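The values are calculated or read from the model by the stated rules, or taken from the named source; none is laboratory data. Source: prediction; values computed, not measured. Backbone-built Cβ (ideal geometry, glycine too); neighbour counts: all protein chains shown. Heads up: the accessible areas ignore ligands, DNA and RNA and are worked out on the full protein's heavy atoms, side chains in. Shrake-Rupley method; radii C 1.70, N 1.55, O 1.52, S 1.80 Å.
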Amino acid sequence: MDLITAPKGVRDILPDESWKWAYVLRVVQDTARRYGYSEVHLPVFEHTELFSRGIGETTDVVEKEMYTFVDKGDRSITLRPEATASMVRSYLEHRMDRLQQPIKLWCAGPMFRHERPQKGRFRQFWQIDFEIIGSASPYADVETIAIAMSIFRSLGLGRLEVVINSVGCPVCRPGYRTRLIEYFSSKKEMLCETCRDRLERNPLRILDCKREECNEVSEGAPDVLSHLCDECSDHFDETKGALDAIGASYKLDKRLVRGLDYYTKTAYEILSGELGSQNAVCGGGRYDNLAEAIGGPHIPAVGFAAGVDRIIMVMEQQGCSFGDLPPLDAFVVAQRDSFRTDVLRVAEALRRSGLSAETDLGGRSMKAQMKAASSRGARYACIIGESERQNGTATVKDMATAEQREIDQSSLAEELKK
Ligand code: HAM
């Protein structure tokens, strides 16, 4: 029979990598605490409608990339492609609008998109997601950028670029959209097939097309910033002013449009040169109309998500530290097979006192156990032989210096901790 392997685009995070993930998530958790965000755990699947209405019917994510299936109750269910729509759904469902506003939440977990796998792009990937729900203030936009940068700084990530833009709102965007359609229609034959298709349905996305031919046409396209209404324009100026005030450097990119339709006003990405074409470690922005799109009242909000897989790739490439892997304190060795229960008892006592301890589970010789202690990187081997058993002691060998001494089992943990 053929060996069953993981589906395309998903991967196992094995022990040589999983401790790096734990480190990154610890840093994220600590940053969330410092900025006053509370963690939530949200479901991995939702009603499909949450995403089709929330993210937008004409986005690539909804049109092409969702893992959607009909469940046994005949409901259309989708594995979440992102967390923002779920965050807002949860906020509304649990009436968090009744609490002191804004509500600041974060979550981490796997997201699912049926994309073409390549470097830094997977079909199951992890995001950390931070949202401020219930604030229209440009200072909220800036706080989210500041948190993202704080996380990256704490992780030691360098050479990142923050790019920002404003994508307007339902007041000014329709006019801009019309101008874009006029412009691109006159150059339709120069666009790629996908963008010709986007022309009527989602013309803003043409600005984001990576193909050479579309890129050239987009160079001369009308720019969104000169079509903003007064409110969006003021909001953008205040956002930039506050970024300057906290000393955050950023670049304006008038062609930055995000792949999700819920954005209004500020949109931003944080890019790394280390990632090739999938260069965004983080993407976010304001989404003042999402709550209404999924059946709630008008609730302004802003947030971002960052890809954990990509963060770790960049950290590895930049030689960032992932902290120290905690060492194994002790490997407890049985001189004879009949001493196994003594070994187990001694190891348990060490573990209860907070030390890490391992034993051989395979009935191997003492020599093989000492070898295992060394290959596991144990600081001490605690040997239980005939005389140690009788005296209630253990012979403790310091694996680095080979120094040996006999210690009472009752004070073993205390002595090892010294
Ligand atoms: P997004 O730009 O689609 O935004 O994704 C955010 C980040 O997730 C990206 O910058 C990237 O690091 C990572 N990412 C996305 N797709 C993949 C993939 N296929 N493989 C690996 N990493 C990936 C959102 O998801 C919005 N919900 C962000 C947001 C929150 N906006 C407001 N609040």
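Results, tabulated for the structure shown:
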read-out: Normalised contact order of region 138-282, rounded percent, pairs of Cα under 8 Å and 6 or more residues apart; value: 41
read-out: Neighbourhood charge, 12 Å Cβ-Cβ cut-off, centred on K371 and excluding it, Lys, Arg +1 and Asp, Glu -1; value: +2
read-out: Solvent-accessible area, 1.4 Å probe, carbon plus sulfur percent, for region 93-195; value: 52
read-out: Proximal lysine pairs, region 310-418, alpha carbons under 17 Å, eight or more residues apart or interchain; value: 4
read-out: Relative contact order, percent, region 260-418 [alpha-carbon distance under 8 Å, six or more residues apart]; value: 15
read-out: Accessible-area order (highest first, 1.4 angstrom probe) of the listed residues K210, K254; value: K210, K254
read-out: Region 37-108: trypsin sites (Lys or Arg not before Pro) in DSSP loop, at most 13 other beta carbons within 10 Å; value: K72, R75, R95
read-out: Protein-only accessible surface order, largest first, of W106, W19 at 1.4 Å; value: W19, W106
read-out: Helix-only CD estimate at 222 nm, as mean residue ellipticity for the chain, using -39500 (n - 2.57) per DSSP H run (n ≥ 4); value: -11000 deg cm²/dmol
read-out: Contact order relative to length of the chain, as percent, for alpha carbon pairs under 8 angstrom and 6 or more apart; value: 15
read-out: Listed residues M66, M399, M190, most fluctuating in the chain (Gaussian network, C-alpha, under 10 Å); value: M399
read-out: Solvent-accessible heavy-atom area per residue, rounded to whole Å², over the chain at 1.4 Å; value: 49
read-out: Partner aspartates and glutamates for K210 [C-alpha distance under 15 Å; skip if fewer than 8 residues away on the same chain]; value: D60, E193, E219, D253
read-out: Shape call, region 6-95: gyration tensor on alpha carbons, a/c limit 1.5; value: oblate
read-out: Isotropic mean projected area of the C-alpha convex hull, the chain (nm²); value: 28.0
read-out: Region 134-243 shape via C-alpha gyration tensor axes, a/c threshold 1.5; value: oblate
read-out: Exceeding the 32 Å Cα-Cα cut-off - candidates K20/K265; K20/K251; K187/K265; K104/K188; value: K20/K265; K104/K188
